[in-house]
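Worksheet: the structure to be examined is printed underneath.
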Amino acid sequence: MNHYPKPILKLINSLSKLPGIGKNTAERLALHILHAPNHEAVTLAGNIIELKKNIQICSVCFALSDNDKCRICTDPQRDQTSICVVENPADMAAIEKSNAFFGTYHILGGALSPIDGIGPDDIRIQELFKRAGLGTIKEIILATKTNVEGEATASYILEKLKTTKVKLTRIASGIPMGGDLQYIDPLTMQKAMEKRFNA
Ligand SMILES: [Zn+2]
């Protein structure tokens with residue numbers, strides 16, 4: 001591969017750092033970009049720069065956003081009285097794909113894990129409690145992962161919120177133990193959301 005001119009080698013090197021992209025695929029992609037029309041390559045480069053420059057975190061739910069508040073938090077069509085609590089943006093994306101939930105989200109940014117030294121102050125749990133205490137929230141749906149950390153996080157939140165008037169629910173089974181929400185097909189997710197139960 002070293003026979004390539006330096007700019008091609010540099011691109012192969014960058015592309016091979018992407019998840020799931022080995023050296024051979026990176027080489028194929030780099031050559032594809034090289035032979036693509038100029039505007040396509042420029043658009044690709046521009047999109048990457050724009051992504052890094054313009055994506056921020058929603059000040060309400062902590063989802064990825066191109067504004068201070070994300071599209072879901074500002075959408076009057078979404079039920080702003082309901083919050084689905086997830087660990088990360090990928091889990092939120094999995095629920096969105098199921099088309100079974102029309103409320104808002106709260107992205108914790110991880111899960112409680114005493115073994116790894118991750119406590120309540122290391123994820124956005126206080127921010128959730130603050131939202132829960134606003135008086136406008138009617139339901140909080142816990143959709144943390146089904147592994148030990150996800151369960152611990154859900155239990156902690158339930159314990160802290162059990163004296164509030166907010167209805168607390170959890171998405172139903174069908175989500176395999178230890179399962180990562182992002183690998184669940186939309187239909188299973190839809191069923192899990194529809195069959196959510198009182199926690
Ligand atoms: Zn938001």
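The values are calculated or read from the model by the stated rules, or taken from the named source; none is laboratory data. What you see is a predicted model; the values in this text were computed from it and never measured. Cβ placement follows ideal geometry from the backbone for every residue including glycine, while neighbour counts extend to all protein chains displayed.
Observations
- Filtered residues of region 31-55 (kept if closer than 29 Å to I107 by Cα and acidic (D, E)): E50
- All positions within region 110-134 that are within 16 Å of the ligand (Cβ to nearest atom) and surrounded by fewer than 16 Cβ atoms within 10 Å (Cβ to Cβ): K130, L134
- Residues considered: L108, L134, L142. Of these, the only one that is closer than 24 Å to R71 by Cβ and without any contact (Cβ under 8 Å) to a residue 24 or more places away in the chain is L134.
- I171 falls short of the stated requirement of being on the phi < 0 side of the Ramachandran plot and at pLDDT 95 or above.
- For region 47-91, the tally of residues that are out of contact with any helix residue (DSSP H, G or I) (no Cβ under 7 Å at 6 or more places or on another chain) and of a type in the set (G, A, S) stands at 3.
- Hits in region 30-46 (condition: of a type in the set (A, V, I, L, M) and either in a loop (DSSP other than H, G, I, E, B) or under 27 Å from the mean Cα position of the chain (by Cα) (or both)): A36, L44, A45
- The residues on offer are K145, K69, K138, and the sole one that is in contact with a Cys (Cβ under 7 Å, 6 or more places away or on another chain) and not β-branched (V, I, T) is K69.
- For region 30-51, the criterion of being exposed (fewer than 14 other Cβ atoms within 10 Å of the Cβ), at pLDDT below 95, touching a strand residue (DSSP E or B) at 6+ places or on another chain (Cβ under 6 Å) and closer than 30 Å to R131 by Cβ is met by none of the residues.
- Among residues of region 67-84 that are part of a strand (DSSP E or B), those with a beta-carbon under 7 Å from a residue that is at pLDDT 95 or above and near the ligand (Cβ under 10 Å from one of its atoms) at least six positions away or on a different chain give the pairs Q80/T104; S82/T104; I83/T104; I83/Y105; I83/H106; C84/Y105.
- Test result for K53, more than 13 Å from the ligand (Cβ to nearest atom), charged (D, E, K, R) and free of Cβ contacts under 8 Å to residues at least 40 places away in the same chain: yes
- Scanning region 56-81 for residues that are under 16 Å from H106 (Cβ atoms) and away from the ligand (no atom under 13 Å from the Cβ) turns up D79, T81.
- Matching residues in region 1-12 - criterion: being exposed (fewer than 14 other Cβ atoms within 10 Å of the Cβ) and assigned to a helix (DSSP H, G or I): K6, P7, K10
- Test: residue in region 13-21 that is outside any helix (DSSP H, G or I), within 14 Å of the ligand (Cβ to nearest atom) and either among the small types (G, A, S) or at pLDDT below 95 (or both): no
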